[in-house]
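Asks: Mind looking over this structure? Questions follow.
Laboratory data are not the source of any read-out in this text; all were calculated from the coordinates shown. Note that the structure is a prediction, hence the values are computed from the model and not measured. Note that we place each Cβ from the backbone using ideal geometry, even for glycine, and neighbour counts take in every protein chain shown.
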Amino acid sequence: MKKNIITIDGWSSCGKSTLAKQLAKELGYVYIDSGAMYRAITLYFLRNAVDITDKKQVIESLENISMEFAFNEKSQQSEILLNGENVEYLIRDLIVAEKVSDVATIKEVREFAVAQQQKMGKKKGIVMDGRDIGTTVFPKAELKFFMTADIAVRVERRFKEMYEKNPNVSIEEVKNNLEMRDYIDSNREISPLRKAADAIVLDNTNLSMEQQLKFALVTVEKLGK
Ligand code: CDP
């Protein structure tokens, strides 16, 4: 069967990665979490106290960063390695989430990440989620989704996820973080979060995981016709 590129963009915590993982599994595609790359870069910057207003420091730091995804048999998912270290869990911390959108506004950071993402899509057969995948990374992708869900539902979902790992997290912190990231992501100069003109909107506020997968699979099937 012909292999395609499927892109999933949308607001923070609206289930993009859940759908992307489901689709990749069903179709035998590779799943790439582009947000994990921005989060890993942010973690590196935090650890090395990189001043993100200093272009020289940013460029030099990027030269020392290598990122790859490796499939973890135990968790049954692909996880990100930063200079060989598995940081998949560390990058989900609020400390990283609080800085990532500022880091993702930097031109050099975006060029660095986008070039690697485009390389990963060379062989097609890929589902990639993020903010600019259908608009900038793969503008010619065969299928594009733009996901959304009510803010209250998104906050609730992300709070549950984070609370399991850290019971000290508050719902207000999570809500503020999602709203702040959505604001920065959709107002930045380079590749702001936008629905691509040819993207299909998927609002999953009232959909179960099974229902959203079904919706996406029906759309994928139509591609072959
Ligand atoms: O999972 P969630 O929707 O909360 O976010 P994520 O996909 O892990 O992305 C984290 C952050 O990375 C976003 O808020 C954006 O600031 C940035 N990002 C981006 O600028 N472009 C992408 N293609 C993906 C993420």
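Asks: Could you check, for the range 150-168, whether at least one of its residues is touching a helix residue (DSSP H, G or I) at 6+ places or on another chain (Cβ under 9 Å), surrounded by 13 or more Cβ atoms within 10 Å (Cβ to Cβ) and not in a helix (DSSP H, G or I)?
Replies: no
Asks: Right, another one. Among (1) basic (Lys, Arg); (2) under 24 Å from residue 136 (Cα atoms); (3) in a loop (DSSP other than H, G, I, E, B), which single condition is residue 74 missing?
Replies: Among (1) basic (Lys, Arg); (2) under 24 Å from residue 136 (Cα atoms); (3) in a loop (DSSP other than H, G, I, E, B), residue 74 violates only (2).
Asks: Please work out if residue 31 is surrounded by 20 or more Cβ atoms within 10 Å (Cβ to Cβ) and either of a type in the set (Lys, Arg) or in a strand (DSSP E or B) (or both).
Replies: yes
Asks: Any chance you could count how many residues in the range 82-93 are away from the ligand (no atom under 11 Å from the Cβ), in a helix (DSSP H, G or I) and either in contact with an Asp or Glu (Cβ under 6 Å, 6 or more places away or on another chain) or farther than 11 Å from residue 46 by Cβ (or both)?
Replies: Here the count works out to 0.
Asks: Would you pick out the residues in the range 116-131 that are more than 10 Å from the ligand (Cβ to nearest atom), in contact (Cβ under 8 Å) with a residue 60 or more places away in the chain and either of a type in the set (Lys, Arg) or part of a helix (DSSP H, G or I) (or both)?
Replies: 116, 120, 123, 124 - these are the residues of the range 116-131 that are more than 10 Å from the ligand (Cβ to nearest atom), in contact (Cβ under 8 Å) with a residue 60 or more places away in the chain and either of a type in the set (Lys, Arg) or part of a helix (DSSP H, G or I) (or both).
Asks: Considering only the range 51-78, state which residues are touching a residue at least 24 places away in the same chain (Cβ under 8 Å) and either within 21 Å of residue 31 (Cβ to Cβ) or loosely packed, with under 12 Cβ neighbours inside 10 Å (or both).
Replies: 67, 69, 77, 78
Asks: Is there any pair with a first residue in the range 93-115 that is on the phi > 0 side of the Ramachandran plot and a second that is hydroxyl-bearing (Ser, Thr, Tyr) and within 10 Å of the ligand (Cβ to nearest atom) whose Cβ atoms are under 7 Å apart and which are 6 or more apart or on different chains, and what are they?
Replies: Taking only residues 6 or more apart or on different chains, not a single pair turns up.
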